[in-house]
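Engineer: Okay, handing you the structure first.
The values are calculated or read from the model by the stated rules, or taken from the named source; none is laboratory data. Because the structure is predicted, anything quoted here is derived from the model rather than measured. Keep in mind that these areas ignore ligands, DNA and RNA; they rest on the heavy atoms of the full protein, side chains included. Shrake-Rupley method; radii C 1.70, N 1.55, O 1.52, S 1.80 Å.
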Amino acid sequence: MASAVPDITLNDGRTIPQLGFGVFQVPPAETQAAVETAIEIGYRHIDTAQMYGNEAGVGAAIAASGLGRDEFFVTSKLNNGAHLPDVARREFDLTLKLLGSDYVDLFLIHWPLPGRYDGDFSQTYRVLEEFYRDGRARSIGVSNFTQHHLGRLRAETTVRPAVNQIEIHPYLTNDTLRAYNSDNEIANEAYSPIAQGAVLDDPAIVAIAGQVGRTPAQVVLRWHIQRGDIIFPKSNTAERVRENFEIFDFELDGGAMGTITALDRGEKGRTGANPDTMNWVPDN
Ligand SMILES: NC(=O)c1ccc[n+]([C@@H]2O[C@H](COP(=O)([O-])OP(=O)(O)OC[C@H]3O[C@@H](n4cnc5c(N)ncnc54)[C@H](OP(=O)(O)O)[C@@H]3O)[C@@H](O)[C@H]2O)c1
């Protein structure tokens, strides 16, 4: 049976399922089981990162699925302590080993870290270009880059990022950066799509959920889908993982879309770190 999840075509010609499963804060020991549940439900796109410490669980779940590697779209991201070229090369090798694969579908710089490495994320991105050219990263891109980071990358590197993975949800619609990405043919990936749960009690969202007979999470995820962004909600709860997948058999009308977009609180709505001041590097 064909998947209900639409594909988005990236600027390098590759396609990515618009809905995936994110594994941030899924404990490493629980990751294989969580991803196996997601695969059973129908997810074929998994978003992990070196920083999450659970790439091995993702790889084990894919291996246990009995499906071919080419059925999956797997993203990982370079850790903040690994931006120097030789360290990035070594850590990328380890990512492939942990995932049990000779390639990753998409590899991202996790954070630009303007206060580290002399602010030289272009040097780091050029190492990702090596992985792209040797085929071990089918697509490459960035995460948490703002307009000025992207402008600099454009001037100093060759391969346009396929995606920019940024925080987007009804309390931080991030529309200026979204438009900049779109104008530059960089696909928008919306992380923390339900603001880690913070938007689910919003009265406007609860009211729309009542009108369309869906849960608040389904309404918000559907809003993202209709805006054209790529999403990968995280849940450690099987029923929620299923609920989050069942968003392709209803539609929000223009009024509901506008009401949700108008909930934007700008910077005040952000749940994660601000990319211009985030310079944290993990201990190991
Ligand atoms: N690039 C970056 O810097 C970055 C940063 C953050 C996230 N991400 C990526 O984006 C993915 C998603 O973001 P996120 O994990 O921060 O937040 P999220 O997906 O917006 O929200 C996850 C939270 O919402 C709860 N939840 C999920 N589905 C629900 C539902 N249907 N009903 C009620 N509650 C529900 C989960 O609880 P339970 O798990 O307890 O069910 C969890 O506490 C991550 O896993 C990661 O892949 C990337």
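Engineer: Could you give me the percent of Cα pairs per 10 Å distance bin for the stretch 89-202, shortest bin first, beginning at zero and ending with the bin that holds the maximum distance?
Structural biologist: 13, 41, 33, 12, 1
Engineer: Of K268, K77, K97, which has the largest mean-square fluctuation in a 10 Å C-alpha GNM of the chain?
Structural biologist: K268
Engineer: Let me ask something else about it. Let me check against my output: what whole-number percent is the relative contact order of the chain, with C-alpha pairs under 8 Å and at least 6 apart? Intermediate results must be reported in sequence, preceding the final value.
Structural biologist: On the way: 511 pairs, mean separation 54.7, N = 284.
Across the chain, relative contact order equals 19 percent.
Engineer: Provide, in order from the shortest bin, the percent of all Cα-Cα pairs of the stretch 163-284 in each 10 Å bin, continuing until the bin that contains the maximum pair distance.
Structural biologist: Going from the shortest bin to the longest, the percentages are 13, 44, 33, 9, 1.
Engineer: Looking only at the stretch 96-179, where both bridge partners belong to it, what percent of the DSSP beta bridges are antiparallel (to the nearest 5)? List each step's numbers first, then the result.
Structural biologist: On the way: 1 of 8 bridges.
Restricted to the stretch 96-179, the bridges split so that about 10 percent are antiparallel.
Engineer: Separate question: Once you have the Kirkwood Rh of the stretch 119-169 from its Cα pairs, apply Stokes-Einstein at 4 °C and 1.567 mPa s and quote D in µm²/s. Walk me through the numbers on the way to the answer.
Structural biologist: On the way: Rh = 11.3 Å.
For these conditions, the coefficient is 114 µm²/s.
Engineer: Let me ask something else. Tell me, what is the Rg over Rh of the stretch 228-267, with Rh the Kirkwood radius over Cα pairs? Let's see the in-between values first.
Structural biologist: On the way: Rg = 13.1 Å, Rh = 12.5 Å.
Rg/Rh for the stretch 228-267 comes to 1.04.
Engineer: Averaged over all directions, how much area does the convex hull of the C-alpha atoms of the stretch 30-114 cover when projected, in nm²?
Structural biologist: Values: hull surface 21.3 nm².
Its average projected convex-hull area is 5.3 nm².
Engineer: Separate question: What is the percent carbon and sulfur in the accessible area of the chain, measuring with a 1.4 Å probe over the protein chains and ignoring ligands?
Structural biologist: 48 percent
Engineer: Cα to Cα, under 22 Å, and not fewer than 8 places away if on the same chain: which lysines meet these conditions relative to K97?
Structural biologist: Excluding near neighbours in sequence, the set is K77.
Engineer: Antiparallel as a % of all DSSP beta bridges within the chain, to the nearest 5? Can you show the working numbers first?
Structural biologist: On the way: 4 of 28 bridges.
Given both bridge residues lie in the chain, the antiparallel proportion sits at roughly 15 percent.
Engineer: Could you state the per residue volume, in Å³, of the convex hull enclosing the Cα atoms of the chain? If you can, show how the numbers build up before the last one.
Structural biologist: Values: hull volume 35.4 nm³, N = 284.
For the chain, the hull spanned by Cα atoms encloses 125 Å³ per residue.
Engineer: Quick one: of the DSSP bridges fully inside the stretch 1-114, what percent are antiparallel, nearest 5? List each step's numbers first, then the result.
Structural biologist: Values: 3 of 12 bridges.
In the stretch 1-114, approximately 25 percent of DSSP beta bridges are antiparallel ones.
Engineer: Still on this structure, please answer the following. Quick one: give the max-minus-min coordinate of the C-alpha atoms of the stretch 147-213 along each principal axis, largest first, in Å.
Structural biologist: Taking max minus min along each principal axis of the Cα atoms, the stretch 147-213 gives 49, 19, 16 Å.
Engineer: Just the accessible area per residue of the chain, please: how many Å² with a 1.4 Å probe?
Structural biologist: Values: 12050 Å² over 284 residues.
Here the residues of the chain average 42 Å² of exposed surface.
Engineer: May I ask for log10 I(q)/I(0) of the stretch 183-229 at q = 0.24, 0.27, 0.28, 0.30 Å⁻¹, from a Debye sum over the Cα atoms as equal point scatterers with solvent left out?
Structural biologist: Here log10 of I(q) over I(0) equals -0.84, -0.98, -1.03, -1.12.
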